[in-house]
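Step one of this worksheet: look at the structure below.
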Amino acid sequence: MHLSPIVRIASVGISALFIGWALTLKTLDWPIRPGIFGFALMLLGALSARWYWLGLKLAAPGSPERSLWIGLASTAIIGGHLLGMLWQIGAKMQLQSLQTQALTGDNWTLVLGGAVAWWVARDPEPRQDERDSLIAAQGTQWAYYSLVIALILLVLLLGFGIGASTRQMSQPLIAHLLIGALMLSCVSASARQLYVYARDQQRHQSAEAPGP
C-alpha cells in the first residue's frame, strides 16, 4: 500500500508526538526512567532507519532528507514530552520541585537521544546540491510563519487570557511555552521540506515512466 507524502509525514510526526506525551504518563509503571526508555527507543528507530536506507542503496534518500526524517521524529518526541510535562506540572511550574526536575531530566535525556539518533542514521557519504538549498529555504519560510503564529497565540493567551490558570502562570512555564513554539517551528520546517522532496520524487518517477 502506497501512502501519500502528507499521510506518511503526518503519521511519523503524530506518532512521535504521542510517544513523547506517553513518556510523561503517571499511570504507566516504568521499570526505568522514561527518559532512558525514550532514548533507547530513539536509538532503535535510528538503527532501523539506517538499515532500511542501506538496503535501498541507490534508491535511498539523500543526506538532507535522512536528517529531516530523524529530525522530525526526534523533535516531535521531545516536543510531545515537553507538552506532557507542562500538562502534568500545571500553571504553577517551579524549577525547584522534584517533579519538575525529574521530568526536565527526562527531557534532556531525550534531547541527547535525538542527537545520537541523528549521528547513527546520518548518511555515511554526505552530499548536497543547489536543489537541497532551495528546499531548505522553503523550510525556513514555513518555520518563520509557524513561529509567528505560535507567538501571536501566546501573546493573546498571556496578555488577554481569562481565568485563574492564566493569571497563575509562572515564569518557568512561560519560558517552556516559548521553547515549545520554537520546537513547533522546527517540526513545521522539517515536514515542509520532506513534502517537497516527496513531491519532486513523484514528479521524477512520472517523467521516467514509459508512455502507453
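The values are calculated or read from the model by the stated rules, or taken from the named source; none is laboratory data. None of these values were measured; they are calculated from a predicted model. Reconstructed Cβ throughout: ideal geometry from the backbone, glycine too, with neighbour counts over all protein chains shown. Quick note on the areas: whole protein, heavy atoms, side chains included, nothing else; ligands and nucleic acids left out. Shrake-Rupley method; radii C 1.70, N 1.55, O 1.52, S 1.80 Å.
Past the 15 angstrom mark, what percentage of all C-alpha to C-alpha distances in the range 74-153 do you count? Show your work: numbers first, answer last.
Values: 2279 of 3160 pairs.
For the range 74-153, the fraction of Cα-Cα distances above 15 Å is 72 percent.
Oblate is the label for the range 1-49, because a/c, from the alpha-carbon gyration tensor with a ≥ b ≥ c as root eigenvalues, is 1.5 or above and a/b does not exceed b/c. Computing Cα Rg over 2.2 N^0.38 Å for the structure here picks out one of [x] 0.97; [y] 1.09; [z] 1.15, namely [z]. Count Lys and Arg as plus one, Asp and Glu as minus one, and take only other residues whose Cβ is under 12 Å from that of A136; the net charge is then -2.
Surface exposure of the chain, expressed per residue as accessible area with a 1.4 Å probe, stands at 61 Å². Here the contact order of the range 51-140, divided by its residue count and restricted to Cα pairs under 8 Å and six or more residues apart, works out to 45 percent. Summing +1 for each Lys or Arg and -1 for each Asp or Glu, what net charge is found among the other residues whose Cβ lies under 12 Å from the Cβ of A117? Spelling it out: positives minus negatives among the neighbours equals +3.
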